[in-house]
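What follows is calculated from the coordinates using simple rules that are stated; it is not laboratory data. From a predicted model like this one, the values you see are computed outputs, not experimental measurements. Ideal geometry is used to build each Cβ from the backbone, glycine not excepted, and the neighbour counts take in all protein chains shown.
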Amino acid sequence: MAKNLVIVESPAKAHTIEKYLGSDFKVLASVGHIRKDTKVDKSTFDVTYEIDPEHSKIIAELKKEAKKADKIWLATDEDREGESISWHLCEVLNLPKNTARITFHEITKPALDEAIKHPRTVDMDMVSSQQARQTLDMLVGYDLSDIVRKKVPGAISAGRVQSPALRLVVEREKEIEKFESKFNFKVTGKFSKNSKDFGANYDGDQPQEENTAKSLLEKLAKAKYEVLNVEDTEALKPGPVPFTTAALQIEANSKLGYSARTTMSAAQGLYQAGLITYHRTDSLNLSKQAVGTIAKYIEGNFGKNYLKVRAFKTKDASAQEAHEAIRPTDIFKTTAGRNNYEKKLYQLIWARTVATQMASAKIAKTTIRISNDFVAKGEVVIFDGFLKVYGKSKDTELPKVAKGDTLDCLEILAKQTFAKPPARYTEGSLVKKLEELGIGRPSTYASIMTAIQARNYVVKGESEGEEREITELKITPTKPISKAITKEKFGANKDKLIPTPIGELVAGFLTDHFKNIVDYKFTANIEKDLDLVADAKLERVKMLKDFYGPFRDTVLEAQGIERYNNAKLLGHHPKTGQPIYAKVGKNGSFIQLGDNSSKDSEEKPRFAPLPKRKSVKTVTLEQALRQLDLPALPRTLGKAPDGTEIIAANGPFGPYLKGGKYNIPMKDYDPYTVTLEEALPLYQKKIDSMIADWGEIQIINGAYGPYIKGPGRRNNVKIPKEMDAKKLTLEQAKELLDNKPKAAKKKTRRGTRGKRGKRAKK
């Protein structure tokens, strides 16, 4: 029988740790939080906890094993939430206050042995800080969500940390809408010396109009060119700093296209397998032992000239989520991970970690100043240093020239160039901005990104952009100006964060009535207060009282305001004189003809959808009139060859066709304009996919093979390969539906921390 019981959070982590500790240790997992907060007393801020029903068996097993063990070790994660889980374990398992609490930032035998040598007890100040965060988020989430649902059409909830993040996205969109797209003609030249061609940029005023550009080109084509000056400099480009959680999310989004949630999921898998250090951290520190091992790897694989040992200090004194930056536990393991997501992320972490201890890259820069306001710039990597493993280097070589040398002018170009609007946020750049503002902590960034998208306040763009014509002018010393029209894409928003009309409404409502909640400094100061609670410099209840009193008063005041809607009056119908509005409702944006009348009135408003790619702000009266002229839905298209009437309609899940008893999704067609000829192939495909139809139970040949569809939504079961779908009876189909495997429950944001519905309101 094991003498020691170690309790961690994750089963995967438990398995890895048990391998290192040996037969005297039994390692079990709490599988996240074993209790959930159900009620907060708004005067004392006492929290009522309940045991999560799904954890009853786990708790029974932990109690049983705790009675057998000579010693118990609490080894939950080393951040505040992990500390809180250890405290809950003490409470539920009736463990003494001096129960050993151990932490480690990597799952390796040396780290575990060291932790066992230096146990401590549960840090109640850290627990208080976590309780304060949970209480704040619960109170704000409940009170604010309730008022937002009542006052903002389509709103689901609002939270303490997600709200400033939403405001950032909305404010950026407003900047883009206000941006005026101006253009000029960017002038460049192509020159030659000793048969080597090179480019240079015109450093004078760029022409704003085509005629001005033509005049300038004609003048420059006749000019003589000589080298006025040559500047040669050398610059050092230092390697990067180690990864914090935010930096990892930013870089993984930029280089791998990972969402914050994907990054944290892959990082958690790597950590639990003992491959990287703890992945929730805002520390830049690397242990001396780690630096020594990295140095050994660099010297052995690249040579001593590539090595430059560096130490890093965290800028923010409040960094408290861990003691080290994210790094591989074994730098000599260059590839690792169970799947492609983990393998790519591990490679990124490995390369970044090695680069932190490598020599700076040495860059030779050359600037050639040419008569008539031209400047050529070149850059050559003399020594690649850290670029050997991390980053990119591109040489732009210039010919060897000296002051006074004459140059041959080959051609002068003027290309129409449009100014670019501010860039929309990606998940990575939004995390970076939140970090800069001091909003959120390493454990919350992914949940913020998930929350604003899950509530349909923000969506990821899908457009690759539109095309516009670009004018290019070219002249040579021997040929006149030629003009070419080319095309370029602009306005791409793929994977960029775009606020929905409902998201804009919520942000506007909060900005108007709950300024503190969306104020960046105020939210950052709360994070600082939570740090003070963790450091025993601020009492939890005082902090909560100072925040909740004024907040509750604001909530009460907001109860009396009118329903919030940014309806836009577009004008009046030319025939009836009725007003035409663009509005936002709970199901999105729409056009409304007529005013909202009483329920008893016979005259009801008419509604129509907004045109594609138009918003309440951008739609015009002319466009709205065209939308109102669209036929009413549902509309009959005609009959199929088998006599079935085909109808186009719109429902809560999008446009669809109705053909007899079948509803057929219609993603690629507009229900207002789809023709019978376009609809018939969709109907026929549906008929062809039906293997058997017994009314509520059907056998359908789907994209992944035949399956049985039962009554209700998502009541499907795949047909085993050994069974012939065409020969199945109704009784067999019912039996397969009755005995289908239960769907696996979705993992929570943190994967191993159980149900955290309350925390999702951040």
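The figures follow:
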item: Sorted by Cβ neighbour density within 10 Å, fewest at the top, the residues R606, R133; result: R606, R133
item: Extent along principal axes [Cα atoms of the range 245-355; Å; largest to smallest]; result: 38, 34, 25
item: In nm, spacing of pseudo-spin labels at D512 and A454 (7 Å Cα→C-beta vector); result: 2.8 nm
item: Between the range 686-724 and the range 216-254, the alpha-carbon center distance in angstrom; result: 59 Å
item: Helical contribution to [θ] at 222 nm, DSSP H n ≥ 4, -39,500 (n - 2.57), averaged over the chain, rounded to 500; result: -11000 deg cm²/dmol
item: Inter-label distance for F607 and Q732, nm, one decimal - labels placed 7 Å from Cα along Cα-to-Cβ; result: 4.6 nm
item: Cα gyration tensor category, rounded, prolate or oblate, for the range 340-498 with a/c compared to 1.5; result: oblate
item: Highest-first arrangement of 679-686, 721-728, where packing means the average Cβ count within 10 Å; result: 679-686, 721-728
item: Cα gyration tensor shape for the range 639-738, rounded if a/c is under 1.5, else prolate or oblate; result: prolate
item: DSSP H segments from the chain that extend 30 Å or more along their own axis, Cα-based, with Kyte-Doolittle mean of -1.0 or above; result: 124-151
item: F332-D546 FRET efficiency (beta carbon distance; Förster radius 60 Å; 0.05 resolution); result: 0.70
item: Spatial separation of Cα centroids for the range 146-160 and the range 618-662, in angstrom; result: 32 Å
item: Whole-number Å³ per residue for the convex hull built on Cα positions in the range 568-628; result: 82 Å³
item: Three-way shape label, the range 4-122, alpha-carbon gyration tensor, a/c 1.5; result: prolate
item: Too-long pairs where the Cα-Cα distance tops 24 Å, listed order kept, from K237/K528; K182/K255; K377/K494; K377/K415; result: K237/K528; K182/K255; K377/K494
item: Modelled label reach - K196, point 7 Å along Cα→Cβ, the range 404-442 residues with backbone N closer than 18 Å; result: 404-410
item: Ranked by how many other beta carbons lie within 10 Å on average, peptides 74-82, 97-105, 230-238, 330-338 from highest; result: 74-82, 97-105, 330-338, 230-238
item: Cβ-Cβ FRET estimate between K39 and K71, R0 fixed at 41 Å, reported to 0.05; result: 0.70
item: Rg ratio (alpha-carbon, reference 2.2 N^0.38 Å) - the range 376-434; result: 1.87
item: Where labels lie 7 Å past Cα in the beta-carbon direction, separation of E397 and K237 in nm; result: 1.8 nm
item: For peptides 171-182, 538-549, sequence by mean Cβ density within 10 Å, most packed first; result: 538-549, 171-182
item: Sites N596 and I470 - FRET efficiency at Förster radius 45 Å, r taken between beta-carbons, to 0.05; result: 0.45
item: Potential extension, Y49-V380 segment - 0.36 nm per residue separation minus Cα distance; result: 112.8 nm
